[in-house]
Amino acid sequence: NMPHYTIYLFSGLLLFNYFSSCTRGEMTALYSNAPIYSKVQVPKHYFVLSLSVARFIDFLVALAVYFIFVAVDGIAFSFRFIYLLYPIICLYFINLGIGMFLSTLYIFFRDINYLWPIICRIIMYASAIFYDVSILPGIMRRLLSCNPLYMCIDYFRQLIIHSTVPSISYHLVLGAMAIFCMLFGLFTYRISRDRIALYV
């Protein structure tokens with residue numbers, strides 16, 4: 001009986017599918033392109049970056065379909081929708097940072113290919129895609145706020161369904177999470193890039 005449940009569900013699935021497909025693809029980007037950078041001098045991280053851009057373009061196509069559903073569901077379009085650029089940009093860098101970390105880790109530990117889909121499933125249930133967060137106790141709702149993917153999804157829902165722009169503190173926390181993920185991914189890659197050629 002939730003109002004606009006279709007959009008509530010679609011918001012979660014749209015962002016989770018982008019996160020899942022992007023990180024899974026980036027995870028094998030360094031390993032699968034080893035025959036190229038082992039023969040030609042090219043920065044290895046370009047392969048992760050190019051795949052990230054390709055997945056982002058796919059996401060933008062899906063986003064256009066999402067807005068069609070928003071219109072069909074009777075939600076009025078507003079100038080506030082421009083604020084959606086913020087969670088989209090944050091999620092792009094979150095995906096890129098995690099993807100950089102996974103692609104480096106995959107070089108040394110191939111079993112991560114089997115573990116990551118399980119982790120993605122856990123993240124999916126921890127992102128409140130199908131259920132209303134109001135059914136959870138307070139401590140569980142606070143734990144959800146530690147999940148940057150959930151924060152991006154919740155940003156979409158607040159803005160699209162409730163026409164509410166999240167607070168400044170919400171923006172700062174989400175931005176800090178995106179910066180942390182990006183820097184962590186870059187750090188992992190930088191300390192390992194000289195050893196990558198030995199393991200591929």
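The residues of segment 13-28 that are among the polar types (S, T, N, Q) and open to solvent by less than 10 Å² (accessible area, probe 1.4 Å) amount to a single one, THR23.
Which of the residues that make up segment 96-150 are assigned to a loop (DSSP other than H, G, I, E, B), of a type in the set (S, T, N, Q) and surrounded by fewer than 17 Cβ atoms within 10 Å (Cβ to Cβ)?
Selection gives SER145, ASN147.
In segment 66-79, the residues that are under 16 Å from LEU9 (Cβ atoms) form Cβ pairs under 6 Å with partners that are open to solvent by 50 Å² or more (accessible area, probe 1.4 Å) and of a type outside the set (A, V, I, L, M), at six or more places apart or across chains, as follows: ASP73/HIS4; ASP73/THR6.
Counting only residues that are surrounded by 15 or more Cβ atoms within 10 Å (Cβ to Cβ) and under 21 Å from ARG110 (Cβ atoms), how many does segment 169-199 have? Summing the residues that are surrounded by 15 or more Cβ atoms within 10 Å (Cβ to Cβ) and under 21 Å from ARG110 (Cβ atoms) in segment 169-199 gives 6.
I'd like to know if segment 61-71 contains one or more residues that are open to solvent by 40 Å² or more (accessible area, probe 1.4 Å), at pLDDT 95 or above, farther than 17 Å from ILE7 by Cα and not aromatic (Phe, Trp, Tyr). Looking for residues that are open to solvent by 40 Å² or more (accessible area, probe 1.4 Å), at pLDDT 95 or above, farther than 17 Å from ILE7 by Cα and not aromatic (Phe, Trp, Tyr), one finds none in segment 61-71, hence no.
What number of residues in segment 33-52 are exposed (fewer than 11 other Cβ atoms within 10 Å of the Cβ) and within 25 Å of the chain's Cα centre (by Cα)? The total comes to 1.
Taking the stated definitions as given, is ASP58 among the acidic types (Asp, Glu) and in contact with a helix residue (DSSP H, G or I) (Cβ under 6 Å, 6 or more places away or on another chain)? So ASP58 fails the test.
Here PRO166 clears all of (1) more than 28 Å from THR104 (Cα to Cα); (2) touching a residue at least 60 places away in the same chain (Cβ under 8 Å) except the condition numbered (2).
Would you point out which residue out of ILE57, ILE7, ILE89 is part of a helix (DSSP H, G or I), among the aliphatic types (A, V, I, L, M) and buried (at least 16 other Cβ atoms within 10 Å of the Cβ)? Steps first, please.
Numbers: ILE57 fails: buried (at least 16 other Cβ atoms within 10 Å of the Cβ); ILE89 fails: buried (at least 16 other Cβ atoms within 10 Å of the Cβ).
On inspection, the qualifying residue turns out to be ILE7.
Considering only segment 97-108, I want to know if a residue exists there that is in contact with an Asp or Glu (Cβ under 6 Å, 6 or more places away or on another chain), at pLDDT 90 or above and polar (S, T, N, Q). Yes: segment 97-108 contains one or more residues that are in contact with an Asp or Glu (Cβ under 6 Å, 6 or more places away or on another chain), at pLDDT 90 or above and polar (S, T, N, Q).
The values are calculated or read from the model by the stated rules, or taken from the named source; none is laboratory data. Predicted model, so just to flag it, every value in this text is computed and none were measured. All Cβ positions, even for glycine, are placed from backbone atoms using ideal geometry, and neighbour counts span all protein chains on display. The accessibility values were calculated without ligands, DNA or RNA, using every heavy atom of the protein model including side chains. Shrake-Rupley method; radii C 1.70, N 1.55, O 1.52, S 1.80 Å.
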